[in-house]
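Trainee: Sharing a structure below in structure tokens format, with a few things to ask.
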Amino acid sequence: MVEGESGFSRICPPWFRPDYEASKRRLTWPNGAIITLYSAEQPDKLRGPEHDFGWADEFCTYKSPEAWDNFLMGLRLGLHPQAMVTTTPRPTKELRDLLKDPTVVVTRGRTLDNAANLAPTFLRKILAKFEGTRL
């Protein structure tokens, strides 16, 4: 989410690139906006911090619901705190519960929707193996 091909440090324009302080798990943008990074592998780090927006990436890989629960307890700042959840779906109880929530807005995307950003060799191999399957 931070580094790499599609991370914040790469996709933001040079004049608006965040300063990444890995030791503080923090990104700070020129306008003062701050992102603090947490890992679902350390759910106790989410005890106490407050936020008005959060992004839970690869939600279905969380080993314990405690990370999500702790995150939700801190989602209490501002008039309309929100979360964005991105994941490769798996039939977990936590995902099923989230999808039942009437306040949740769901969008979906397929590999083909992102074809313009993928290596042609990757796309050919993935389609050869998985096209027409549930995966």
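The values are calculated or read from the model by the stated rules, or taken from the named source; none is laboratory data. What you see is a predicted model; the values in this text were computed from it and never measured. Here Cβ is always computed from backbone atoms with ideal geometry, including for glycine, and neighbour counts include all displayed protein chains. To get the accessible areas, we keep the full protein, side chains included, count just its heavy atoms, and leave off ligands, DNA and RNA. Shrake-Rupley method; radii C 1.70, N 1.55, O 1.52, S 1.80 Å.
Trainee: Which one is modelled with the highest pLDDT among residues in segment 72-100 that are closer than 17 Å to Trp55 by Cβ and among the charged types (D, E, K, R)?
Mentor: Within segment 72-100, the match that is modelled with the highest pLDDT is Arg76.
Trainee: Among the listed residues Pro65, Pro49, identify the single one that is open to solvent by 60 Å² or more (accessible area, probe 1.4 Å) and at pLDDT below 95.
Mentor: Only one candidate qualifies: Pro65.
Trainee: Does any residue in segment 92-104 that is in contact (Cβ under 8 Å) with a residue 12 or more places away in the chain and within 14 Å of Phe59 (Cα to Cα) come within less than 7 Å, Cβ to Cβ, of a residue that is assigned to a loop (DSSP other than H, G, I, E, B) and open to solvent by 60 Å² or more (accessible area, probe 1.4 Å) six or more places away or on a different chain, and which pairs are these?
Mentor: Leu95/Pro89
Trainee: Mind checking which pairs have a first residue in segment 1-20 that is under 21 Å from Phe59 (Cβ atoms) and a second that is at pLDDT 85 or above and β-branched (Val, Ile, Thr), Cβ under 7 Å, 6 or more apart or different chains?
Mentor: Within 7 Å, the pairs are Phe8/Val2.
Trainee: For Asn114, work out the one condition from (1) polar (S, T, N, Q); (2) farther than 27 Å from Arg25 by Cα; (3) in contact (Cβ under 8 Å) with a residue 24 or more places away in the chain; (4) open to solvent by 50 Å² or more (accessible area, probe 1.4 Å) it doesn't fulfil.
Mentor: Checking Asn114 against (1) polar (S, T, N, Q); (2) farther than 27 Å from Arg25 by Cα; (3) in contact (Cβ under 8 Å) with a residue 24 or more places away in the chain; (4) open to solvent by 50 Å² or more (accessible area, probe 1.4 Å), the one that fails is (3).
Trainee: Looking at Glu94, Glu21 in this structure, which one is among the charged types (D, E, K, R), out of contact with any strand residue (DSSP E or B) (no Cβ under 7 Å at 6 or more places or on another chain), open to solvent by less than 90 Å² (accessible area, probe 1.4 Å) and within 20 Å of Glu3 (Cβ to Cβ)?
Mentor: Matching residue, one of Glu94, Glu21: Glu21.
Trainee: If you scan segment 68-82, which residues turn out to be over 22 Å from Lys24 (Cα atoms) and open to solvent by less than 80 Å² (accessible area, probe 1.4 Å)?
Mentor: Once the filter is applied, which keeps residues that are over 22 Å from Lys24 (Cα atoms) and open to solvent by less than 80 Å² (accessible area, probe 1.4 Å), segment 68-82 yields Asp69, Gly78, Pro81.
Trainee: May I pose another question? Can you name the residue in segment 25-46 that is open to solvent by 80 Å² or more (accessible area, probe 1.4 Å) and among the polar types (S, T, N, Q) and is also farthest from Val85 (Cα to Cα) among such residues?
Mentor: Ranking the qualifying residues of segment 25-46, first place goes to Asn31.
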